[in-house]
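The values are calculated or read from the model by the stated rules, or taken from the named source; none is laboratory data. Because the structure is predicted, anything quoted here is derived from the model rather than measured. Because the Cβ atoms are built from the backbone with ideal geometry, glycine has one as well, and the counts that use them run over all protein chains shown.
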Amino acid sequence: MRSTDRRFLPLAFMAAALGCSNYAVDGFMVNKGKYDSDSAEVRRLASYTLNCPADQLTLRVLGKQRDDFGSVGQFGVDGCGHRATYVRPHINTGWVQNTLQASQPAAP
């Protein structure tokens, strides 16, 4: 292998590592590790805010961060007759509840 080829090896390994951990959620390509961590945190916050057991909450990815590394930027949460939106304003900040509303009853 030529020495000029070796300088691309770290990039190839990094790309392979990042590519293997990405998957689609609600139409967005996200990093699995970040998604698992972020969704657990949002589920914990929403459970408290909505006064609803975590296992009764449904999360949906509504948007990504602009970093293009697979970070979720916005979650929608439904549960126990309520709906809330959580956003992360910047990569290194926590999740913030953006909206909260009671779900409308289903039409007869």
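Some notes on this structure:
- Qualifying residues in segment 51-69 (those that are over 16 Å from ALA40 (Cβ atoms) and of a type outside the set (Phe, Trp, Tyr)) - the one surrounded by the fewest Cβ atoms within 10 Å (Cβ to Cβ): ASP68
- Residue in segment 34-55 that is within 15 Å of the chain's Cα centre (by Cα), within 26 Å of ASN22 (Cβ to Cβ), touching a residue at least 24 places away in the same chain (Cβ under 8 Å) and in a loop (DSSP other than H, G, I, E, B) present: no
- Once segment 83-95 is narrowed to residues that are assigned to a loop (DSSP other than H, G, I, E, B) and crowded, with 18+ Cβ neighbours inside 10 Å, the residue that is modelled with the lowest pLDDT is ARG88.
- Residues (surrounded by 19 or more Cβ atoms within 10 Å (Cβ to Cβ) and touching a residue at least 40 places away in the same chain (Cβ under 8 Å)) located in segment 70-82: GLY70, VAL72
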